[in-house]
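The next block holds one structure in the form of structure tokens; read it before the comments.
The values are calculated or read from the model by the stated rules, or taken from the named source; none is laboratory data. Everything quoted here is computed from the prediction, not taken from an experiment. When we count neighbours, we look across all protein chains shown, and the Cβ atoms used for this are built from the backbone with ideal geometry, even at glycine.
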Amino acid sequence: MATHAVRLNAVTKTYGKHVHALRGVTVELPRGGFTAVMGPSGSGKSTFLHCAAGLDTPTSGTVHIGDTELSRMNETQLTELRREKAGFVFQAFNLIPSLTVTENVLLPFRLARRRPEHAWLAEVIERVGLGGRTEHRPSQLSGGQQQRVAIARALVTRPEVVFADEPTGALDTQTAAEVLGLLRQVVNSTGQTVVMVTHDPVAASYADRVLFLAEGVLVDEVYAANAQTIAHRMTMLGRARLAGTVGAAAC
Amino acid sequence: MLRLAFATSRGRLLSLASSFVALLFAVALIASCGLLMESGLRAHLPAERYGAAPVVVAGVQEVTLRSKEAELGQSLPEPVAIPATLAKKIAQVPGVTEVVPEVGFPVGLTGADRRVVGRSWQSARLTPYTLTKGRAPATAGEIVVDVTLGRKVGQKVRVAGRDGLRDYTVTGIAGPGLARQASVFFTEQRAAELFARPGKVSAFGVFGEGEGEGLAERVEQALGDKVTVYAGDQRGLAEDTSAQGGRQMLIMLSASLVGVIVMVAVLVIAGTFGLSVRQRDREIALLRAVGATPRQVRAMIGREALVIGIAALVPGLPLGVALGTWLFGQFVARGMVPEGFAAAVSPLPLLAAAGIGLLTAWLAALGAVRRAARIKPTEALGEAMAERRELGRGRMISGLVFLVLGAAASAASMAAAGETAAMSASAIVLLLITAAILLSPWLVRLAALLASGVIGRTSPVSGYLATANTRTAAKRLASVAGPLILMFAFTATTLFAQSTIGDATTRQALEGNRADYILQSTGPGLPPDVAQAARGLSGVTGVTQTIGTEVIADTVELGDPTLKPMGALGLTVPAHGIDLGVTSGSLERLRGDTVALSTLAASSFDAEVGGKVRLLLGDGTPVTLTVVAVYERGLGFGDVALPYTLARDHSAAGMAGRVYVTGGEKERLAALAPGLTVLDRAEAGAAVNAAQEFSDWVNLLVMGLIIVFIVISVVNTLVTATGGRVREFALLRLVGGTRRQVRGMVRWEALLVGGLAVIAGTLITAPTLMALSYGLTGSPLPHVPSLTYAAIVVATMGLAYAATLTPAWKVLLGRPAEQIRG
């Protein structure tokens, strides 16, 4: 049994001929950790998330989730892997509007044609604080509540790792803090691995470890830093980039 | 997954409803065609005249061409006679006890308002007819008549037959009276004279032991396929030559209709399915991200289509039965199916329709399914989804290729002439429509560019916004303009092809008619004495007898042997009062084994004056004729002109259909014979061509069906396109636009798109019609009634307006501040 939840080895991703989104990223994300990936727009952080989560395949290099190597998998294998080992929280449009909260949370089980564990489902719903709202539809919920539903859905399959892509990008500061607190709490109490992509230093400060990406390369990392430190590092990153060679990078 | 599909159906109810309606309509149409086909295949007419004979042997009322792929059948317009010597062969079949020959020929009986058939009294027992009064005919001047004709024994009646108008004495009345045809019985010898086909008979009634079916089988085995053997309820078909034609028409028409319907339905429903997938791109991407495999997505969309298909069957099938029964009634009313035919309603065609309907749904879903499975899970990420793909260069190139092909085809049709040109019309319209649909985004941009100056000045707010939108959202508007162009071009081509042909026919018939009077009969025809007597009248300078029939051309089309029915005119020469517009050769020599051809027919046969052509006369007799003339007015008079005697000898009645008279006086002509109508030149017009009228009606019907599909597609596209702009409208209002201004913008857009459809449609229709007109009439100017054109324009614009403004109006009722959050 591997000690890491996700491992990337010399991962590159090239779009077309000239757009190098990732240029050889090697990193191990240990189990039970809360990792934030930061970087300016175009740094390749979304591509990093896509490749790490099996939403996309790298151009070269290997990606492991747990013990499973996924860079050679086809679309169906990747999907089944995601179903089993990954949970997702996106910035927006996380939920199917016509399904209720419970139905949305149980969607991965329905897709896998598996019976849900009802005790765990109840616990997850309780834990994200949606106890009284299981029959509501997304349109009847606030933005923060919608993200809680998405987190519940990500947790319900007990995945190896939960991937969150700017999960608070569309929320106000107060609500964002609540959602991030919930993620932090999940990591603390259940040992769930969480990988979060963000450009917000405050959001990143909830993580144990922050990775900095610039132009497709990991350039820096900090552990258990506060928002100020992270913001400072980001600024340094920006300067370094301005000073360095101008390369094409896209996300 | 299916539950999921329907759980997520809110918000795309319109697309689902469009797919449902289109499929419902398709299923109903397919079922109605199935019903028609079944009615044709199982056609039976209860025996009337042959009620007593268990088995009837008659001629084969169709010719088949055995080519490699399929047997192409053409039904024959005139009754096919069979050799009298077959009687011996039939008599030798085990179980046959008696063989009764039958000769039948239409006769004209003064005062009779229905079909009267002359027969020999010896064949009376086939019904059986028995004398209710009087006695059997003994001499050539005596007849027995059907009780329904209301004559008395001893009465003198005049009967028009092949050899003239003769007086007969009624010696007996026979019953029972028949509903579909009344009989006049002559002596055997007199009947044979009037039938005038020595050594031939119309049919044999066969009597024998045991079941009719078993006997029929044995007779069939003994005689082979040179004759048709009828038994049971099929015997009625032997009584009426038009029955076979009607039967075949039902089968062929319904088969070709099913083909058209499935094709159009698949296209339209593929569009509605595609839209419903496009509307939930993100939802599908999300499903993919959280664990739906491409296969599951495919299954979801595919099964949804099948469920809609099944749902459409429930109301579709009964509707189809109703529609089929109505169509059948129309066919009967238009005389294309003989009265007495019954519409067959059975589960088999309904099952077939259900199968084809589901297949249609499945085929239509294929594209949407493939597209849905290609959606990447990463598309669920990120904030906005812009109009994704750029307009492909491939699309433009293929559009231009089709455009060039269409232009080349229409140029080629102008170089070629006749048949080839007329036939290329349908290819031209298809090529150009495809080109227009492929190029529609660029056409929309071009239209916006050209119109923006004017519109911007006229309407500085709404108009400005509309043209700006049109330029940037060209793809969205193109998806709307495409079906509108299709609708316009298709409708205009169908209607104006008909008006062009109709107009040319009428004009040719009028121009070619040089007679002062035309004599017509209310019965089966005008006996030869009428023409003779007319010649003797003072002041009459010319008399021409004509007979309208049909021949079947034995030609080679694109390398394949083809049998093609052509309208034919038998006429006496020298032809007075008729000018066929001879361009080469002379009609003077139209005697014996000769023929004159219209320009069009000459090009089909690839023959010139002096050449020989092969054709089948109306009764299936194959002949090889020498071409003596080529003429222009084929539409007005028929594509083939035969010597009068040749046409007469192979027609059922053997009498003239029309007599053209120059000079003379109307009253004296009218007094020549009873039951005669005299028409002035102005009244004459074109001979009513029932077949052409019917095919026009069928074309209109098919056009109507296709338009319904197109309208479903246009409405669906337009409503979805407008409904998807909720946020855009909300933004415009939030930044200070009034409802009126937004509506105005939408109206300008509708005007642009509708206008584009009208212009592009007109540009597509013009070369198509020119090719058709040039091919058929020699003049490239088609006949376009301006009112019809205006109606098509109004309908196209109206559809564009209604389907854009209604949803926009609904969206504008909402509160923009809420709408912009989505």
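What the table below lists for this structure:
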{"quantity": "Test: residue in the range B:523-530 that is in contact (Cβ under 8 Å) with a residue 12 or more places away in the chain, in contact with a helix residue (DSSP H, G or I) (Cβ under 8 Å, 6 or more places away or on another chain) and either buried (at least 21 other Cβ atoms within 10 Å of the Cβ) or of a type in the set (S, T, N, Q) (or both)", "calculated": "no"}
{"quantity": "Where a residue in the range B:787-802 is assigned by TED's automatic domain parsing to the domain that holds B:Leu752 and its partner, wherever it lies, is of a type in the set (Lys, Arg), with Cβ under 9 Å and at least six apart", "calculated": "B:Tyr801/B:Arg747"}
{"quantity": "Search result, residues across the range B:231-258 that are over 16 Å from B:Ala342 (Cα atoms) and surrounded by fewer than 20 Cβ atoms within 10 Å (Cβ to Cβ)", "calculated": "B:Met252, B:Ala255, B:Ser256"}
{"quantity": "Sole exception among (1) at pLDDT 95 or above; (2) more than 26 Å from B:Asn513 (Cβ to Cβ) for B:Thr555, by number", "calculated": "(1)"}
{"quantity": "Pairs, first assigned to a loop (DSSP other than H, G, I, E, B) in the range A:56-69, second charged (D, E, K, R), C-beta under 6 Å, six or more apart", "calculated": "A:Pro58/A:Lys13; A:Thr59/A:Lys13; A:Gly66/A:Glu160"}
{"quantity": "Residues of the range A:82-112 satisfying the condition of being within 9 Å of another protein chain (Cβ to nearest Cβ), in a loop (DSSP other than H, G, I, E, B) and either hydrophobic (A, V, I, L, M, F, W, C) or touching an Asp or Glu at 6+ places or on another chain (Cβ under 6 Å) (or both)", "calculated": "A:Phe90, A:Gln91, A:Ala92, A:Phe93, A:Leu95, A:Ile96, A:Leu99"}
{"quantity": "Condition broken by B:Ile759, with the remaining ones in (1) surrounded by fewer than 20 Cβ atoms within 10 Å (Cβ to Cβ); (2) under 16 Å from B:Thr493 (Cβ atoms); (3) within 27 Å of the chain's Cα centre (by Cα) satisfied", "calculated": "(3)"}
{"quantity": "Residue within the range A:113-126 that is within 12 Å of chain B (Cβ to nearest Cβ) and either without any contact (Cβ under 8 Å) to a residue 40 or more places away in the chain or hydrophobic (A, V, I, L, M, F, W, C) (or both) present", "calculated": "yes"}
{"quantity": "Selection count where residues are among the small types (Gly, Ala, Ser) and either surrounded by fewer than 15 Cβ atoms within 10 Å (Cβ to Cβ) or at pLDDT below 85 (or both), scope the range A:8-30", "calculated": "2"}
{"quantity": "Odd one out for A:Thr79 among (1) surrounded by fewer than 21 Cβ atoms within 10 Å (Cβ to Cβ); (2) within 20 Å of A:Glu160 (Cα to Cα); (3) at the interface with chain B (Cβ under 7 Å from one of its Cβ atoms)", "calculated": "(1)"}
{"quantity": "Pick from the range B:171-194, criterion at pLDDT below 90 and in contact with a helix residue (DSSP H, G or I) (Cβ under 9 Å, 6 or more places away or on another chain), ranking: nearest to B:Gly340 (Cα to Cα)", "calculated": "B:Arg180"}
{"quantity": "Matching residues, the range B:36-46, being out of contact with any Phe, Trp or Tyr (no Cβ under 7 Å at 6 or more places or on another chain) and either polar (S, T, N, Q) or part of a helix (DSSP H, G or I) (or both)", "calculated": "B:Met37, B:Glu38, B:Gly40, B:Leu41"}
{"quantity": "Filtered residues of the range B:275-300 (kept if away from every other protein chain (no Cβ under 14 Å) and surrounded by fewer than 23 Cβ atoms within 10 Å (Cβ to Cβ))", "calculated": "B:Arg278"}
{"quantity": "Any hit, the range B:324-334, residues being at pLDDT below 85 and not hydrophobic (A, V, I, L, M, F, W, C)", "calculated": "yes"}
{"quantity": "One residue from B:Gln545, B:Gln508, B:Gln532, B:Gln498 being closer than 26 Å to B:Arg658 by Cβ and not in a helix (DSSP H, G or I)", "calculated": "B:Gln545"}
{"quantity": "Inter-residue pairs, beta-carbon under 7 Å, first outside any loop (DSSP other than H, G, I, E, B) and in the range B:721-735, second buried (at least 19 other Cβ atoms within 10 Å of the Cβ) and among the basic types (Lys, Arg), 6+ apart", "calculated": "B:Ala721/B:Arg476"}
{"quantity": "A:Val149 being within 14 Å of another protein chain (Cβ to nearest Cβ) and at pLDDT 90 or above", "calculated": "yes"}
